[in-house]
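Down below is the structure, laid out as structure tokens.
The values are calculated or read from the model by the stated rules, or taken from the named source; none is laboratory data. In this text the structure is predicted, and so the values were computed from the model without any measurement. Positions of Cβ are backbone-derived with ideal geometry, glycine not excepted, and every protein chain shown enters the neighbour counts.
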Amino acid sequence: MKKFEELLNKTGEIGYVEKSYPSFVHVSGLPEARPSEIVLFQSGELGQVLSLKPEFVEVLLLSGTNIRVGTQVARTGDFLKVAVGSELLGQSLNSLGHPLFAQSPLKKPPEHRLIDITPPTIVNRKPIDQQFATGVSWVDLIVPLGKGQRELVVGDRKIGKTQFLLQAMLSAAAQKIVCVYTGIAKRRYDIKQVQDFIKANQITKNTVIVAALASDLPSLVYLAPYTAMTIAEYFRDQGHDVLVILDDMIAHAKYYRELSLLARRLPGRSSYPGDIFYVQSRLLERAGNFIRTQKNPDGTLKRITASITCLPVAELVMGDISGYIQTNLMSITDGHLFFDSDLYNQGRRPAINPFLSVTRVGHQAQLPLFRDLSRELTSFLAHFEKLRAYMHFGAELSEATRRTLAIGEQVMAFLEQSPDSTVPLNINAVLLAALWAGFWKGKDPADLKPEFSKLINQYQTDSDFAARINQLIETAPLFVDLVKLVKKEPALLSTKI
Amino acid sequence: MYTALALIKTKDDLNTFRAEIDLLKDSLFEKQKNLDYTLANSVRSSVSQAIKTDLSSASLSPENYFNGLLAELDQLKILQLTLAFEPPPKSITRLSDWVAANLGPGLILDLQFDPTILGGALIAYQGKYHDYSLKSALDRDFSTNQKAIIDLVKNEKV
């Protein structure tokens, strides 16, 4: 109450609630209220000014308590901010930056940042020039991502999108990248599962969870991704690369539609408001590869590069990628990873369709070796798929065709990956080169998986082996050179099996 | 033209008056409990007198008169005044007359009672707010002269 009175005296303005709707109130008075300004109700709740009309101010409620008509309202003169700092690592927060579940109290970080800002301009950006390794072979070798890229993860429900995202987080944490996972309108159980995954894989000190539950207010669901992006920007400014996962943006659009319809905004296509594109694009434009200035201990300034890689998720219905929000997101982002339900039903894991997936800036971020490998592998897989389709006609196959099919089956076994494992980039490339070189010629694809797992584990645990693999990668300019080098060292892979 | 408006001094008066006008408007379409009956039996005598005077002098039909009166009521501006005591009717009249004389017609008072302000008043008008309460004055004095006040109390005790 004291704070409310102080604000009344400070601003010299007062408002009264005239009408109360779900999620909104109309407030008379407050002549100098500004859009997006935070207001405080006499009962202690917070609201955000949504629009200014001649007769009233429309205020979006940020708490669930019903506001009675006649309640007094004071301006704060401030905008919505969230506390940011390294204290947030390992925490699960709500859209306002408060602890999400009953857990140990969060030590309040000292710095506060605005949730909604204008994205940085082109002057503060740098071209994407480093690959972002997700640890998933299908992505790293065929549809690569760059640090600072916005790649849409799109697919039907329960198709493995979240598993892929968790794998990306695991891989990012291994590269000392800070991960911010945003659950938008998720169930409590889903957030708990993510928390458990993070704890089990010991990446707590690299991760922040921002979650708005499905039972939360629409305003909090709407704000959740902006809060996550603000936290990501803090870590970017400290010089860290950041991965932001927004799961999922379709729910975000739906909750924003609900808010807009309640606010009597004119509905557009599919009843979404006219500014739905702007709402999501101004969020996603805050990701990228940036040039920042950082203060040295002696007070001088230095320029650093830091990136925010963003993986927004879009859920499809029956594989239909021509939906309104889905196509909006595709045009905003720098490509998409398409999770195909047909491939999922055939048993492929992860069910990524490389021919329907796009990466607009991933290839420029790859080393020439990996770019060459991508090209080679993609064209081989396209040829392999054609041959597989041709097989169904029951025609007689030539020796060359049978050989291609055999290698193709081995490559498919190589690319298949369980949801709890990640594969470092270098060992991925060397194993593929070994396959190409015929190391496992004639072997059953089912028998190859344990061998691949052993070698990957070897790379992750044996530093000498890892050093030799890395040296091969550094030495070979192109994929064909890598294949030749691997052929020259048959003992490298065979003795460890 | 609308002499009845002079009877409205506070927001409570306004609400009561509006209810009476709505009653009178409805009675225009009644056969038995018509306008004259309602004026005689259902509204306050002061209001009834004022309306009869206006209707006899105005060239408008009763329906247009009441519609115009309601439109005038919507134009009235409200000055919120929070006091530490409940003022008697004489004080309310004095306050209202002062407001009309110094701030012009078309302004009515919304009086509220809050003993915690101790004295003075809180004034709000069209979104602007001013705190002239005794409580905030004492708070200000205490925060600026805290040490002197504490020393004074200590000396008195001794």
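Here the condition is being over 21 Å from A:P490 (Cα atoms) and part of a helix (DSSP H, G or I); of A:Q471, A:Q364, it holds for A:Q364 alone.
Entry remark, the range A:253-277: residues being among the basic types (K, R) and either assigned to a loop (DSSP other than H, G, I, E, B) or free of Cβ contacts under 8 Å to residues at least 40 places away in the same chain (or both) number 3 in total. Considering every residue within the range A:43-55, establish whether at least one is without any contact (Cβ under 8 Å) to a residue 40 or more places away in the chain, in contact with a Ser or Thr (Cβ under 7 Å, 6 or more places away or on another chain) and of a type in the set (S, T, N, Q). So far as the range A:43-55 goes, yes, one or more of its residues are without any contact (Cβ under 8 Å) to a residue 40 or more places away in the chain, in contact with a Ser or Thr (Cβ under 7 Å, 6 or more places away or on another chain) and of a type in the set (S, T, N, Q).
B:N145 meets the conditions (1) free of Cβ contacts under 8 Å to residues at least 12 places away in the same chain; (2) surrounded by 11 or more Cβ atoms within 10 Å (Cβ to Cβ); (3) within 14 Å of chain A (Cβ to nearest Cβ); (4) more than 22 Å from the chain's Cα centre (by Cα) in every case but one. The failed one is (3).
Would you be able to tell me the number of residues in the range A:23-36 that are more than 14 Å from every other protein chain (Cβ to nearest Cβ), without any contact (Cβ under 8 Å) to a residue 60 or more places away in the chain and in a strand (DSSP E or B)? Reasoning before the result, please.
Applying the first criterion (more than 14 Å from every other protein chain (Cβ to nearest Cβ)) to the range A:23-36 yields A:23-25, A:35-36.
Next, from what is left, pick out any that are without any contact (Cβ under 8 Å) to a residue 60 or more places away in the chain: A:25, A:35.
Narrowing the set further to residues that are in a strand (DSSP E or B) leaves A:25.
Adding up the residues that qualify gives 1.
The set of residues in the range B:19-43 that are within 25 Å of B:L107 (Cβ to Cβ) and out of contact with any helix residue (DSSP H, G or I) (no Cβ under 7 Å at 6 or more places or on another chain) comprises B:A19, B:D22.
Annotation: of all residues in the range B:104-142 being within 12 Å of chain A (Cβ to nearest Cβ) and among the small types (G, A, S), the one that is farthest from A:E55 (Cα to Cα) is B:A137.
Among A:I209, A:I245, A:I250, which is under 22 Å from A:I276 (Cα atoms), part of a strand (DSSP E or B) and either touching a Leu at 6+ places or on another chain (Cβ under 9 Å) or of a type in the set (G, A, S) (or both)? Quick ask: steps written out before the conclusion?
Details: A:I209 fails: under 22 Å from A:I276 (Cα atoms); A:I250 fails: part of a strand (DSSP E or B).
Exactly one residue qualifies, and that residue is A:I245.
For the range A:376-392, taking the residues that are under 29 Å from the mean Cα position of the chain (by Cα) and without any contact (Cβ under 8 Å) to a residue 40 or more places away in the chain, the one that is surrounded by the most Cβ atoms within 10 Å (Cβ to Cβ) is identified as A:A382.
Yes/no matrix, rows are residues, columns are (1) at pLDDT below 90; (2) loosely packed, with under 15 Cβ neighbours inside 10 Å; (3) part of a helix (DSSP H, G or I):
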residue	(1), (2), (3)
A:E409	no, no, yes
A:D420	yes, yes, no
A:L448	yes, no, yes
A:L485	no, no, yes
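Being assigned to a strand (DSSP E or B) and over 12 Å from the mean Cα position of the chain (by Cα) is the filter; apply it to the range A:145-177 and report the residue that is surrounded by the most Cβ atoms within 10 Å (Cβ to Cβ). Among those that are assigned to a strand (DSSP E or B) and over 12 Å from the mean Cα position of the chain (by Cα), it is A:G155.
Of the set (1) in contact with an Asp or Glu (Cβ under 8 Å, 6 or more places away or on another chain); (2) surrounded by 14 or more Cβ atoms within 10 Å (Cβ to Cβ); (3) of a type outside the set (D, E, K, R), all apply to B:S48 but (1). You will find that of B:L79, B:L152, the residue that is among the aliphatic types (A, V, I, L, M) and within 14 Å of chain A (Cβ to nearest Cβ) is B:L79 and no other.
Which ones in the range A:5-22 are more than 9 Å from every other protein chain (Cβ to nearest Cβ), part of a loop (DSSP other than H, G, I, E, B) and buried (at least 19 other Cβ atoms within 10 Å of the Cβ)? First the steps, then the outcome.
So the first thing to find is which residues in the range A:5-22 are more than 9 Å from every other protein chain (Cβ to nearest Cβ), and the list is A:6-7, A:10, A:17-22.
Then drop every residue that is not part of a loop (DSSP other than H, G, I, E, B), which leaves A:22.
Once the filter is applied, which keeps residues that are more than 9 Å from every other protein chain (Cβ to nearest Cβ), part of a loop (DSSP other than H, G, I, E, B) and buried (at least 19 other Cβ atoms within 10 Å of the Cβ), the range A:5-22 yields nothing.
Only one of the numbered conditions (1) of a type outside the set (V, I, T); (2) touching a Ser or Thr at 6+ places or on another chain (Cβ under 7 Å); (3) part of a loop (DSSP other than H, G, I, E, B) is not met by A:G70, and that is (2). Sub-8 Å Cβ pairs linking a first residue in the range B:73-98 that is under 21 Å from B:G127 (Cβ atoms) to a second residue that is aromatic (F, W, Y) and surrounded by 14 or more Cβ atoms within 10 Å (Cβ to Cβ), at least 6 apart or interchain, are B:L73/B:F17; B:K77/B:Y125; B:I78/B:Y125; B:L79/B:Y125; B:Q80/B:Y125, ordered by first then second residue.
Rundown of residues vs (1) within 21 Å of A:P120 (Cβ to Cβ); (2) among the hydrophobic types (A, V, I, L, M, F, W, C), yes/no style:
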position	(1), (2)
A:G148	yes, no
A:R187	no, no
A:I191	no, yes
A:K205	no, no
A:Y222	no, no
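Would you confirm whether any residue within the range B:88-103 is in contact with a helix residue (DSSP H, G or I) (Cβ under 8 Å, 6 or more places away or on another chain) and away from chain A (no Cβ under 11 Å)? Checking the range B:88-103: not a single residue is in contact with a helix residue (DSSP H, G or I) (Cβ under 8 Å, 6 or more places away or on another chain) and away from chain A (no Cβ under 11 Å).
Is it the case that some residue within the range A:42-50 is among the aliphatic types (A, V, I, L, M), more than 25 Å from A:R257 (Cα to Cα) and within 14 Å of chain B (Cβ to nearest Cβ)?
no
The rows are residues; the columns are (1) touching a residue at least 60 places away in the same chain (Cβ under 8 Å); (2) touching an Asp or Glu at 6+ places or on another chain (Cβ under 8 Å); (3) basic (K, R).
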{"site": "A:V279", "(1), (2), (3)": "no, no, no"}
{"site": "A:I291", "(1), (2), (3)": "yes, no, no"}
{"site": "A:R349", "(1), (2), (3)": "yes, yes, yes"}
{"site": "A:I352", "(1), (2), (3)": "yes, yes, no"}
{"site": "A:T359", "(1), (2), (3)": "yes, yes, no"}
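Within the range A:63-82, does at least one residue satisfy the condition of being buried (at least 21 other Cβ atoms within 10 Å of the Cβ), away from chain B (no Cβ under 14 Å), closer than 27 Å to B:D110 by Cα and modelled with pLDDT of 95 or more? No, there is no match, as no residue in the range A:63-82 is buried (at least 21 other Cβ atoms within 10 Å of the Cβ), away from chain B (no Cβ under 14 Å), closer than 27 Å to B:D110 by Cα and modelled with pLDDT of 95 or more.
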